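Reviewing the structure listed below.
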Amino acid sequence: MSTAAISVEHLHVSYNGVEAIRDVSFDLGTGNLVGIIGPNGAGKSTLLKAMLHLIPRDRGEISFLGQSIKALRKQIAYVPQRSEIDWNFPITVLDTVLLGTYPTLGWFRRPGKRQRERAYSCLEQVGMADFQNRQIGELSGGQQQRVFLARALAQQPELFFLDEPFVGVDLTSEQTIIAILKEQQANGKTVVVVHHDLSKANDYFNKLLLINRELVSFGEVQDVFRPEIMSQAYRGEFSFMRELGVSI
Amino acid sequence: MEFIHAVLNYGFMQKALITAVMVGMICGVIGCFIILRGMALMGDAISHAVLPGVAISYMLGINFFIGAVITGVLTAIGIGFVSQNSRIKHDVSIGIMFTFAFAIGIILITMMKSSTDLYHILFGNVLAVRPSEMWFTLIIGVIVVGCIYLFYKELLISTFDATMSAAYGLPVRFIHYLLMTLLTMVTVASLQTVGIILVVAMLITPAATAYLLTDRLWVMLYLSALFGMLAAVGGLYFSYVYNLASGATIVVTSTVMFFLVFVFSPKQGMLMKSIRKRQQRERVRGQALNQ
């Protein structure tokens, strides 16, 4: 499968000599909505960042749509964890979405009327057009995440990467976000989401990638989301999660 | 007025005014990115780190700008190296490296015997600006403003969301060192006006003042430049009329503006915040009474 949307071979990542990701390999076709799941400290965000070459890796080949990442970077939209953003930054909602058009502009060219219109329509898509002139810190967590999704849409990418998009997000926003991601999937785009809340995992994704430092399981939701497989990754934590009412 | 008369009639005053205003402007502009990137301490570090470069340049008889940029950028790299390769936190690494560079600079300048030079470098003496230095400041100003104009889009996105910028292929490290280089150039240009010790105030205070007034980066850049220039004019006035060190008067003027905005800013000011807080409390209590 050389034309896989994402192909990862033998990925190893470490922080200061301590192994964080061990020998992860998988091939993912286009048109999938994938959840990366696993216990705390399993290396979910690390895997995401290493795939995008945002952190150094010890070994491993990664290709996107059969090409190297360099050739395809502009087709990659990334939504960071909310904690990585300075919410007091002097920027409005519309201008935040407009940032999504920057990759297509290249150096020196400024966004014009066309880019503004595209940004506005993406803002409408996530239901945030009324807030276009607000400073981003004035929004709720869910609204902020919708704005960042609009920014990713404005980039018109082939691949979406979202790092814990549902943390601190209200239910309505969560539903809006997942509906839009499913729509993108239906249009043949590839969406990768780092996700920590097991209770929704089987509704949201069609594929799951379960890791705990190494790849535990990867495949269709119904094949991965099974007690005997999940317990391999969660080990001790798992029985206690079941007591909390997480149903599998 | 005595001050206006001096500006109109004395060449040294005109040069001083032009230089100070330009320094106020470029410090204000570059300062916006410094404070938004959380690099205020880095600004302080770079400004101190140019001292050994200036001293070595004097010894070798070359333009002090060259030495200053070299030691400034070297210190920036050294700071990054120490914090990335040990458990030492970034601010601690900054503290170690810039005081080291500054100490080396003081030793070099004392070895060169002349202590008046040291005094001027540390505290600035804008009234003694030479024509060559004024032109030099102008060139640096053009370079800095030009770079900010050209790279505005890239500076904005990499300051706001460095991870997304890196994900789509923007060379964020290059942009960081470009900014460090510009910062060093601005610092060198400011030596005559405010001196090494107080450059950081010109970098941070006008930008922080503007930050309290707007939610748009480009407006913040203009406001910050304006506050920087006003501080320069005001400071020069007090410096001339009361015969005080220009660096100190410029910084005090700038800080007075900051506190005015800190109290009176329509959205972020203390006054409006406390009024809004009280109104809300009365509204809630009023509703409780009506129930």
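The values are calculated or read from the model by the stated rules, or taken from the named source; none is laboratory data. All values derive from a computational prediction rather than experimental measurement. With ideal geometry, Cβ positions are generated from the backbone for all residues, glycine too; neighbour counts draw on all protein chains shown.
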Restricting region A:65-94 to residues that are more than 17 Å from the chain's Cα centre (by Cα) and free of Cβ contacts under 8 Å to residues at least 24 places away in the same chain, the one nearest to A:V147 (Cα to Cα) turns out to be A:D86
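Residue-wise test of (1) buried (at least 16 other Cβ atoms within 10 Å of the Cβ); (2) under 22 Å from A:G188 (Cα atoms); (3) among the aliphatic types (A, V, I, L, M); (4) in contact with a Cys (Cβ under 8 Å, 6 or more places away or on another chain).
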residue: A:T3; (1), (2), (3), (4): no, yes, no, no
residue: A:V8; (1), (2), (3), (4): yes, yes, yes, no
residue: A:L11; (1), (2), (3), (4): yes, no, yes, no
residue: A:I21; (1), (2), (3), (4): yes, no, yes, no
residue: A:F26; (1), (2), (3), (4): yes, yes, no, no
residue: A:T30; (1), (2), (3), (4): no, yes, no, no
residue: A:I36; (1), (2), (3), (4): yes, yes, yes, no
residue: A:G41; (1), (2), (3), (4): no, no, no, no
residue: A:R57; (1), (2), (3), (4): yes, no, no, no
Within region A:84-130, track down each residue that is of a type outside the set (A, V, I, L, M), out of contact with any strand residue (DSSP E or B) (no Cβ under 9 Å at 6 or more places or on another chain), surrounded by 20 or more Cβ atoms within 10 Å (Cβ to Cβ) and within 21 Å of A:P165 (Cα to Cα).
A:D95, A:T96, A:T101, A:C122
Could you please find all residues in region B:211-223 being within 17 Å of B:C27 (Cα to Cα) and either among the aliphatic types (A, V, I, L, M) or touching a Ser or Thr at 6+ places or on another chain (Cβ under 7 Å) (or both)?
B:L217, B:V219, B:M220, B:L221, B:L223
Qualifying residue in region B:172-192 (condition: in contact (Cβ under 8 Å) with a residue 40 or more places away in the chain and in a loop (DSSP other than H, G, I, E, B))
yes
Which pairs have Cβ atoms under 7 Å, sit 6 or more apart or on different chains, and link a residue in region A:175-197 that is within 22 Å of A:G38 (Cα to Cα) to one that is of a type in the set (G, A, S) and buried (at least 21 other Cβ atoms within 10 Å of the Cβ)?
A:T190/A:A5; A:V193/A:G35; A:H195/A:G35; A:H195/A:A201
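Against the condition in contact with a strand residue (DSSP E or B) (Cβ under 6 Å, 6 or more places away or on another chain), modelled with pLDDT of 90 or more and within 21 Å of A:S140 (Cβ to Cβ), how does A:V79 come out, does it pass?
So A:V79 passes the test.
Go through region B:155-171 and give me each residue that's more than 7 Å from chain A (Cβ to nearest Cβ), free of Cβ contacts under 8 Å to residues at least 60 places away in the same chain and buried (at least 20 other Cβ atoms within 10 Å of the Cβ).
Of region B:155-171, the ones more than 7 Å from chain A (Cβ to nearest Cβ) are B:155-156, B:158-159, B:162, B:165, B:170-171.
Okay, now just the ones that are also free of Cβ contacts under 8 Å to residues at least 60 places away in the same chain, so B:158, B:162, B:165, B:170-171.
Result: B:S158, B:S165, B:L170.
Given the structure, is B:T209 more than 14 Å from chain A (Cβ to nearest Cβ), assigned to a helix (DSSP H, G or I) and closer than 25 Å to A:D86 by Cβ?
So B:T209 does not fit the description; no.
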Which numbered condition A:L159 misses (of (1) buried (at least 19 other Cβ atoms within 10 Å of the Cβ); (2) away from every other protein chain (no Cβ under 14 Å))
(2)
I'm checking my understanding of the structure. Among residues of region B:219-274 that are of a type in the set (F, W, Y) and either farther than 22 Å from B:F12 by Cβ or touching a strand residue (DSSP E or B) at 6+ places or on another chain (Cβ under 6 Å) (or both), which one is surrounded by the fewest Cβ atoms within 10 Å (Cβ to Cβ)?
B:F259
